[in-house]
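In what follows, a structure is listed as structure tokens, so that the remarks can point back to it.
The values are calculated or read from the model by the stated rules, or taken from the named source; none is laboratory data. Bear in mind that the values here come from a model prediction, so they are computed numbers and not experimental data. For neighbour counting, all protein chains shown are included, and Cβ atoms are generated from backbone atoms with ideal geometry for every residue, glycine included.
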Amino acid sequence: MWARAARRVLRAPGGGGRGFASKAGGGGVSAGGEAAPQERGRVPGDVIEHLERLALVDFGSREAVARLEKAVAFADRLRAVDTDGVQPMESVLEDRCLYLRPDNVVEGNCAEELLQNAHRVMEEYFVAPPGNITLPKLDEQELFSKS
Amino acid sequence: MLGRTLREVSVALKQGQITPTELCQECLSLIKKTKFLNAYITVSEEVALKQAEESEERYKKGYVPPYNATVVQKLLDQGALLMGKTNLDEFAMGSGSTDGVFGPVKNPWSYSKQYREKKKQKPHGENEDTNWLITGGSSGGSAAAVSAFTCFAALGSDTGGSTRNPAALCGVVGLKPTYGLVSRHGLIPLVNSMDVPGILTRCVDDAATVLGVLAGHDCKDSTTVQDPVKSFILPSLTDVSKLCIGIPKEYLVPELSSEVQSLWSKAAKLFESEGAKVIEVSLPHTSYSIVCYHVLCTSEVASNMARFDGLEYGHRCDINVSTEAMYAATRREGFNDVVRGRILSGNFFLLKENYENYFIKAQKVRRLIANDFVNVFNSGVDVLLTPTTLSEAVPYVEFIKEDNRTRSAQGDIFTQAVNMAGLPAVSVPMALSNQGLPIGLQFIGRAFCDQQLLTVAKWFEKQVQFPIIQLQEIMGDCSSVFENDLASVSLKQ
């Protein structure tokens, strides 16, 4: 039985790749991950800045922004999947009880070891620069000038 | 500097205000000047300077972990010897092992007799080493280390296929255990709900041995299951007639190389010819799997990478204007483009206006994907058989023509669905390609049926008799490694 099915499936390279699509989605679902041109949406500049502040990581270049746009377009393919009535899955072990250990102190007192790896230490404190100072607002030119 | 206390000077050394060698030389110089005191009977100048050099090396290394990961500790407790730490893509993000701060990893098969004969290349040394092949990733260093006989087993990580992918490209066995079977304590988290430590060895029996040591509940990792785990010896299957092998039709994608496709077909026929039931099955949401993985992975990464702010450990830059400025600059310096790209994508998907449409949506699709597998296994299938990679290893110069995200989407295509479902899977080398390079196939098992999975894999391994890599040219006088006896030992059961 397999031999016949095998000849059918494995001889038709395009056969198995399309997969399931309940609603018409975006372009083809090939492995390469490239979106069709009409799917690429621009991410507005204020969102870019907002992301940089949230992530505390900068884009550094226009290529990086373009990569984000491609990544978003790629993610947009999920819209084609019908998920009505489907619960989000957070963990594959959702049917099990999370293990909780008894609330007893069994280890600790390792301040020395933990302080070893920090660059700036003062006695038993990690030293940080002053907080509550927001990053300066940058115009678009400055946004990509640092790298 | 010489007048300071031990603590103060230690801080100065760590901050780089003075190097161990400079400090040593200051002491030595003062010893010479105060010779008239007759305090020293011997001055061990050379030894001191050499130790200073060694100390400098240690300072250069940066982060030194204050504890061992559970999986490492378990191996050490069983008497394993730690040969070293292996190279990888930065933060395990990538499928080539090309994006690490220590440079890319080269696939040992690039230097094998089998590959070079096909390429009609001159022996190593006469040729420029420009066309070497990637190992795959992200645990490429581990795969290369095992493939080149430098160790008997290596640990990797597997979040989307990072252990199985390089295993297939380097001709070794790469095992991804069931999620929850092996402790993640000490494994830098990428995607908490998908990460597992991976095991790389040269044969399936060895992988089972290592798994036996590592599996089991760890109170330091609450996502490990509490079911009792016994270490096992894999039976040698002689009769596969009771087995049902499933071939998921959606895994036949246009990008699959014809050689891998043909080996996949050959493997299916092999099982059938030995009496197993081999059937075509369907995992309908396969084509959305890589997209779903991309969203969930970047989102979790955005959260997990937040801990790297330079304050408690790791790289820290010199900016002191404000905490935010320091964090931003530290992270810009400390993370490569790939990591930063993923953090930013992840933060995008987690924005309030996007959360429902991207992150929650992906979580729902994840359930559909996991259910696809459940349905297939419930229909009587014991093990699924799929390719591990789209093709054999490619040259580095080819690989880097596309960006990391594209390559990861291609590299992980057959492997990441398994991580989303939390199932065990193993890549087993099957045969050499026309170019003399390894091609591996993947077996996927039911959750917590790792032993059964490995039993089937072991039978397959014995049937296909994958050739040993011939590295004599670069091994020089380590030829004893390649005596035929070694090959037959592991197969005599």
Wholly inside segment B:363-423, helices (runs of 4 or more DSSP H) that include 1 or more residues that are β-branched (Val, Ile, Thr) and surrounded by fewer than 23 Cβ atoms within 10 Å (Cβ to Cβ) are B:396-399, B:404-411
Taking into account only those residues within segment B:237-255 that are among the aliphatic types (A, V, I, L, M) and part of a loop (DSSP other than H, G, I, E, B), which is surrounded by the most Cβ atoms within 10 Å (Cβ to Cβ)? B:Val253
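Can you find a residue in segment B:199-218 that is over 22 Å from B:Glu461 (Cβ atoms), in contact with a Phe, Trp or Tyr (Cβ under 9 Å, 6 or more places away or on another chain) and without any contact (Cβ under 8 Å) to a residue 60 or more places away in the chain?
First, pick out the residues of segment B:199-218 that are over 22 Å from B:Glu461 (Cβ atoms): B:216-218.
With the extra rule that they be in contact with a Phe, Trp or Tyr (Cβ under 9 Å, 6 or more places away or on another chain), the set shrinks to B:217.
From what is left, the residues that are without any contact (Cβ under 8 Å) to a residue 60 or more places away in the chain are B:217.
Among the residues of segment B:199-218, at least one is over 22 Å from B:Glu461 (Cβ atoms), in contact with a Phe, Trp or Tyr (Cβ under 9 Å, 6 or more places away or on another chain) and without any contact (Cβ under 8 Å) to a residue 60 or more places away in the chain, which makes the answer yes.
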Restricting segment A:89-105 to residues that are more than 27 Å from the chain's Cα centre (by Cα) and at the interface with chain B (Cβ under 9 Å from one of its Cβ atoms), which is modelled with the highest pLDDT? A:Cys97
Flag for B:Ser95 being part of a helix (DSSP H, G or I), small (Gly, Ala, Ser) and in contact (Cβ under 8 Å) with a residue 24 or more places away in the chain: no
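Can we say B:Thr178 is part of a loop (DSSP other than H, G, I, E, B) and at pLDDT 95 or above? It would help to see each step written out before you state the result.
On the way: part of a loop (DSSP other than H, G, I, E, B): yes; at pLDDT 95 or above: yes.
In short, yes.
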Tell me which residues, restricted to segment B:256-286, are surrounded by 22 or more Cβ atoms within 10 Å (Cβ to Cβ), within 8 Å of chain A (Cβ to nearest Cβ) and part of a helix (DSSP H, G or I). B:Trp264, B:Ala268, B:Thr286
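Scan segment B:5-60 for residues that are out of contact with any Pro (no Cβ under 6 Å at 6 or more places or on another chain), under 30 Å from B:Glu312 (Cα atoms) and not charged (D, E, K, R) and report the count. Steps first, please.
Initial filter on segment B:5-60 (out of contact with any Pro (no Cβ under 6 Å at 6 or more places or on another chain)): B:5-51, B:53-54, B:57-60.
Narrowing the set further to residues that are under 30 Å from B:Glu312 (Cα atoms) leaves B:5-24, B:51, B:53-54, B:57-60.
Now narrow it down to the ones that are not charged (D, E, K, R): B:5-6, B:9-13, B:15-21, B:23-24, B:51, B:59.
The total comes to 18.
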From A:Val121, A:Val86, A:Val72, A:Val81, grab the single residue that is within 20 Å of B:Tyr327 (Cβ to Cβ), at the interface with another protein chain (Cβ under 9 Å from one of its Cβ atoms) and at pLDDT 85 or above. A:Val121
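Per-residue answers, yes or no, for (1) touching a residue at least 24 places away in the same chain (Cβ under 8 Å); (2) over 18 Å from B:Leu237 (Cβ atoms):
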{"residue": "B:Glu398", "(1), (2)": "no, yes"}
{"residue": "B:Gly411", "(1), (2)": "yes, yes"}
{"residue": "B:Gln435", "(1), (2)": "yes, yes"}
{"residue": "B:Gln452", "(1), (2)": "yes, no"}
{"residue": "B:Ala457", "(1), (2)": "yes, no"}
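Listed here are the residues, each with its yes/no results for (1) of a type in the set (Lys, Arg); (2) under 19 Å from A:Ala73 (Cβ atoms); (3) buried (at least 20 other Cβ atoms within 10 Å of the Cβ).
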site: B:Tyr288; (1), (2), (3): no, yes, yes
site: B:Val295; (1), (2), (3): no, yes, yes
site: B:Gly310; (1), (2), (3): no, no, yes
site: B:Gly314; (1), (2), (3): no, no, no
site: B:Met326; (1), (2), (3): no, no, yes
site: B:Ile343; (1), (2), (3): no, yes, yes
site: B:Phe348; (1), (2), (3): no, yes, yes
Just checking, how many residues over segment B:126-169 are within 12 Å of the chain's Cα centre (by Cα), not in a loop (DSSP other than H, G, I, E, B) and not small (Gly, Ala, Ser)? 6
Looking only at segment B:45-68, decide whether some residue is assigned to a helix (DSSP H, G or I), within 16 Å of the chain's Cα centre (by Cα) and within 23 Å of B:Phe335 (Cα to Cα). no
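Answer yes if at least one residue in segment A:65-74 is farther than 23 Å from B:Asp218 by Cβ and in contact with a Cys (Cβ under 7 Å, 6 or more places away or on another chain), and no otherwise.
Step one: of segment A:65-74, the residues farther than 23 Å from B:Asp218 by Cβ are A:65-74.
Those left that are additionally in contact with a Cys (Cβ under 7 Å, 6 or more places away or on another chain): none.
Scanning segment A:65-74 turns up no residue that is farther than 23 Å from B:Asp218 by Cβ and in contact with a Cys (Cβ under 7 Å, 6 or more places away or on another chain).
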